[in-house]
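Chemist: The structure follows.
The values are calculated or read from the model by the stated rules, or taken from the named source; none is laboratory data. Note that the coordinates shown come from a computational prediction; the quantities given were computed from them, not determined experimentally. We place every Cβ from the backbone using ideal geometry, glycine too, and count neighbours over all the protein chains shown. We work out accessible area using only protein heavy atoms, side chains counted, and drop any ligands, DNA or RNA first. Shrake-Rupley method; radii C 1.70, N 1.55, O 1.52, S 1.80 Å.
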Amino acid sequence: MYPTCARKTSTRAPWYSIALLARIFSVPLLFLALAAPLWAQTGQLEDPTPDAVSSGIGLIRGWVCQATLIEIQLDEGSRLRAAYGTTRGDTQGVCGDSDNGFGLTVNWNLLGPGTHRVRAFADGKLFADMTFTVATLGSEFLTGRSGSCTVPNFPQAGKSVELLWQESIQNFVITGGNGGGGGSPGDARQKLLEDPAPGSRQSGIGLIRGWVCQTAQLEVQIDDGPRLHAAYGTTRGDTQGVCGDANNGFGLTINWNLVGNGLHRVRAFADGVQFADVTFTVTTLGSEFLMGRSGGCLIPNFPQAGTSVTVAWQESLQNFVIVGTCPTTDQFCQGAATLALGDFHEAAQRFSQAAAANQSDDHANLALALSHLVVKALDDPQIASLVSRSGGSVEGDSHNVCTVHRQFPQTVPAGAPGTEEIFDTLRSVLAPELDAALTNLSRISSGVSLAFDPRQLPACLRPRTSRLAIEIDHGDVLAFTALLQGLRAVFDLGAGYHVDMPLGLALHGTGQQILAAAPSLLALRSGGALGTARGFASPALTNLSAAITAIQAEADDQSDDLLVITPGDSATAQRTKQILDLLRQSLQGQVTFPTSVGLPAPERLNLSPLFSAQFTTLRPLLPELDGAGNFDLHHFPDPTFAGMAPDVTQDDIDNALETLTAFFWSLF
């Protein structure tokens, strides 16, 4: 009924298609050029992206080199016309011109939360099809709300940004300094500039948008820059009553980072006549397009009392978006939300409250065991001091693990701590945390079955996997328990014998230099610590063996399990279990390993002297030195290790080293 702006009708074929075909078919090239309009469209759907969450008022956007009509289909709904022809200078090299952008404004709240599908069509031909996730606040359009939060260690360690609710986009924007602005957005009876609204705040990748009942040309001017062509003709059903039809929307995608911080002005023109003039505030992060960042924050009692909303950085939008909500009474939910943002510090506090409220909460106990260890390792000042005194540097903390950066020097400075001080500090700091984590793990029921979504991890820790759920069950918990008990045993074994040597020699010295500089190295230090080490090593081996049994006993679908033993590995698993059981027994006295574990002949082992303070020093157990002063693993003066392994020969050690080397390289 009302005219829309003219569309491009160029019959230009994609340059790369012609170049490729020219190499293969030189003669038919002329005919291919004449048939250029028949080639499939070259283009890309840029937002939404499959790995992101969409919320608030958003934009389905991208570019297509050549088309008359761009349509978008959400789920199984009708196709909606997208405005096409926005200036996109970055497509000049691919398309030969720049008026290739398209966009469709969408209120994601209307779709509802969950997984949705978007398809894009150019002149009726499908060129993009993907699924994505929508998060909503339970309302089509929230009004009269206010909320804010601070994102720690963003965009880098030591920095932070403030976020503020912006009603016009139904989402949060980055703020900084004082806001301001005003002006007139137009006449709501015929034409209206909806965003940026007068006095609003803008950040990231945004949209200058609105609607006009009738025009042939829609232009937007930012400050005193040139007028930019805005795509016009987007379906806007809410204008039907005013305009008599619905294809009245316009939009221009804009990267506000390019505009710069401060107060700015936007004017909108329909057929050359100005109808809107507004001023507003832009806040940037000092970069045109930030990459490789992650972060976010939790906003309590928003959008109403009793609910907390989580917002997270989304690179494609260069902004923060709503990704989920939690009841304020659900501490575990809020902990999981902040964990996904990279804030292990806040997450651990939430998990601790959840575990305190219900000590049998399997989710909370497992999450607390993991998160609190990370927090202690990243935030403890004693560990940070060790790194600093060693000549290294530490940036960031557990408030945003994705910004943590530790750098170690090429050379060790004078006055650096020795290895025993480093070991003792780590033991004093982390051993209590390991004990606490083991207590939490012991509270997890034997019938546990937890579904874990890898997307709940911070972006920098998120594995590249298509699996949306990983099942964690009793076997996995036993294996993790064994790992922590093993670490605890290592700490105490290291406290039982002297391990002190200059750090520089430990990193770069030869065995001969180390032994000469550290005369007390490997001398008996504490028999009590050795007893404690055995007290952790024994249950570690027991739990690892039990983990194998539990995993093999699983009868359900194991395609989503964390740890799996396939039928082909069953015999190896049973042999490993037998070895673990014998190792545990050898902590108390001599045992014999039979040929069924893979040995050519039975061999005896007795590790109890190592844990019973029977050695005043372990130096005689070391290998000989070669001509360069390095330890030669192919020459042990006593391959029986003072009788602990009376049947072992040097050939046995060489064969074991060869097997271990082959296994190591197979991992890569």
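Chemist: Could you compute the net charge surrounding Ser200? Neighbours are other residues with a C-beta less than 15 Å from the C-beta of Ser200; K and R count +1, D and E count -1.
Modeler: 0
Chemist: Looking at the chain, do any whole DSSP H helices span at least 20 angstrom along their long axis by alpha carbon and average -1.0 or above on Kyte-Doolittle, and which?
Modeler: 362-379, 419-442, 474-496, 527-553, 570-586, 650-666
Chemist: Another one. With runs of 4+ DSSP H residues as the only contributors, calculate the mean residue ellipticity of the chain at 222 nm using -39,500 (n - 2.57) per run, divided by the residue total and rounded to the nearest 500.
Modeler: Only helices count here, giving -9500 deg cm²/dmol.
Chemist: Can I ask one more? In a shell of Cβ-Cβ distance under 12 Å around Gly158, excluding Gly158 itself, what net charge do Lys and Arg (+1) and Asp and Glu (-1) give?
Modeler: Around Gly158, the surrounding residues sum to -1.
Chemist: Distance between Cα centroids, the range 40-115 to the range 569-640: provide it in whole Å.
Modeler: 64
Chemist: All other residues with a Cβ under 14 Å from the Cβ of Pro646 taken together, and with Lys, Arg as +1 and Asp, Glu as -1, what is their net charge?
Modeler: Once all neighbours under 14 Å are counted, the net charge is -3.
Chemist: How many angstrom separate the Cα center of the range 210-240 from the Cα center of the range 362-401?
Modeler: Cα centroid of the range 210-240 versus Cα centroid of the range 362-401: 51 Å apart.
Chemist: Please sort 448-457, 233-242 by packing, taking for each peptide the average over its residues of neighbouring beta carbons within 10 angstrom, highest first.
Modeler: So the peptides 448-457, 233-242, ranked by packing, come out 233-242, 448-457.
Chemist: Packing-wise, with mean Cβ within 10 Å as the measure, how do 319-326, 634-641 rank, highest first?
Modeler: 319-326, 634-641
Chemist: For the pair Thr616 and Asp271, how long in nm is the line joining their label points, each one 7 Å along Cα→Cβ?
Modeler: 10.6
Chemist: Then there is this: If the reach is capped at under 14 angstrom between alpha carbons, list the aspartates and glutamates near Lys577, excluding any in the same chain fewer than eight residues apart.
Modeler: Correct list for Lys577: Asp569.
Chemist: Quickly rank 544-555, 332-343 as a protection proxy: mean count of other C-beta atoms within 10 Å, highest first.
Modeler: Output ranking for 544-555, 332-343: 332-343, 544-555.
Chemist: Let me ask something else. Tally up the carbon and sulfur contribution to the accessible surface of the chain as a whole percent, 1.4 Å probe, everything protein left in place.
Modeler: Within the chain, the accessible surface is 56 percent carbon and sulfur.
Chemist: Quote the relative contact order of the chain in percent (integer), defining contacts as alpha-carbon pairs under 8 Å separated by 6+ residues.
Modeler: Relative contact order, the chain: 8 percent.
Chemist: Right, something else. What aspartates and glutamates does Lys376 reach when the alpha-carbon gap must be under 16 Å and sequence neighbours fewer than 8 apart in one chain are set aside?
Modeler: Asp343, Glu346, Glu395, Asp397, Asp424, Glu433, Asp435
Chemist: By how many nm would the segment from Leu126 to Gln456 lengthen if fully extended, with 0.36 nm per residue of separation less the alpha-carbon distance?
Modeler: Result: 115.6 nm gained on full extension.
Chemist: Evaluate the relative contact order of the range 541-668 (contact order divided by residue number), counting alpha-carbon pairs under 8 angstrom at least 6 apart; express in whole percent.
Modeler: Relative contact order for the range 541-668 comes out at 15 percent.
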